[in-house]
Amino acid sequence: MTMKRAAPVLFAALLICTLTCPALAAEPAEGTPPPKQTAAFYPAEVRETAEGDARRLEKIYLLSASDDPAGIPTADFDREGWHYTLLDVTRQDNSETDTRDYTETVTLDSKSKDMDAIMPQLAATMEVTTEDGYTGVLTLDTASIKVEAAGYKSSSRTVTATRSYPNLSDADTSLIPKTIEDGGRTMTLADVQWQEAGGFFHATASYTGTATSKYATGYTVTAEYAGEVVKTIAGETVYTAVFSGTPITPAPSGEAPEKPAPASPDTPAPTESPAPSSGGSWKWLLLLPVGGAAAGLAFLGKFLLKQYKAKKEWKEYTK
C-alpha cells in the first residue's frame, strides 16, 4: 500500500472514531433505569443563635408521612459572611389520640333460656377494632342480655276427665251428657260405668279430648359490650437540621481564600445512599473508539517513518 492510498483510509477511520465518542457519551445503555430524583423541601422556620465566636442555625421542616426526608438539604453553605456546616438532624413525631365510647352487640344461639347455662358462653371482656381504625377492650353489660325463642313447634296429646252422675232412674246413656268443657277444652264421652243402689243407678262417665301445646326449638341470646376505643392519628413529622457557623476570613491580597474544613463524616443525615451511577455499564464503550484512534495514529506514524527510512536509503544507494 502506498502512502497516498493509506493516508485517506487512516483519516476516515480517525474521523469515524471522533464522531462516535460524543454519541456513545450522550446515550446511556438500553434498559438503564433513570436516576432517582428526590424532591427538595423548604424550611417552615429558620432560627439563628450566636454562641461566642460561632453561630448556630436551625432549619425546621414539616413533612408528612408520604414525604422522603432525603430531600432535606444538608450540604455546606455560606450566608452573610458565615460558613455553615451540618451538625445533626433531629426528628420529632407529632401524633394525636382520639377517644370515644363504643358499644358492640353480639348474638349467639342457646338450647336453654336458663341464665346459668348462658353466662359461660359470654366472655367478660372482648377486644375490638372498628372499621375506622379505633381499638379497645370492651366489658360485658350483663343488664343488656336478652333471651328470645328462635322458633316454635306444636305438639298434641290426649287428656281425660271423669264425671259422676248419681241417683239416675235407669242405666240409660241418654241421661249422660255427651260432651263437657274441661280446662277450656271440649271433651267427648268415651265410657260409662254403672252401679245400682236402692233402686237407683250411679254413673261414672269418662271423657277424652286433645290438648295442643307450643314449645321453643331454641333460643337467641343478645348481649352488649361497652367501653372506650382509641385511635392514634399521625400528624406532621418535624425535622430540624442543625448547622454550625464559622466566620469567613477574607484571604490576603494575591492568595486564594482558605476553604473551610468539610463536615465530619460521622455527622448523621436523613439521606438515602446514592444509587449506583447509571452510566457505569457503558462508559467502558468510550475506550473503544479512543483506543482505535490511538492505534490508528500509531500505525500511521510507524508507516510514515518506514517510508522515510526507505526513501533515505534509496537516495544514499543511488549517489
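Numerical summary
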read-out: T217 being of a type in the set (S, T, N, Q), modelled with pLDDT under 95, closer than 30 Å to T107 by Cα and in a strand (DSSP E or B); value: yes
read-out: Region 164-202, subset free of Cβ contacts under 8 Å to residues at least 24 places away in the same chain and among the charged types (D, E, K, R), residue nearest to S213 (Cα to Cα); value: E181
read-out: Total residues in region 164-197, condition part of a strand (DSSP E or B) and acidic (D, E); value: 4
read-out: Residues located in region 40-54, provided they are at pLDDT below 90 and either in contact with a strand residue (DSSP E or B) (Cβ under 8 Å, 6 or more places away or on another chain) or surrounded by 14 or more Cβ atoms within 10 Å (Cβ to Cβ) (or both); value: F41, A50, D53, A54
read-out: Residue identified as closer than 30 Å to A54 by Cα, touching a Lys or Arg at 6+ places or on another chain (Cβ under 8 Å), modelled with pLDDT of 85 or more and among the β-branched types (V, I, T) among T222, T237, T188; value: T237
read-out: Strands (runs of 3 or more DSSP E) fully within region 77-163 counting 2 or more residues that are surrounded by 11 or more Cβ atoms within 10 Å (Cβ to Cβ) and in contact with a helix residue (DSSP H, G or I) (Cβ under 8 Å, 6 or more places away or on another chain); value: 82-110
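The values are calculated or read from the model by the stated rules, or taken from the named source; none is laboratory data. This structure is a prediction, so every number in the text was calculated from the model and none was measured. FYI the Cβ positions are ideal-geometry reconstructions off the backbone, even for glycines, and counts take in every protein chain you see.
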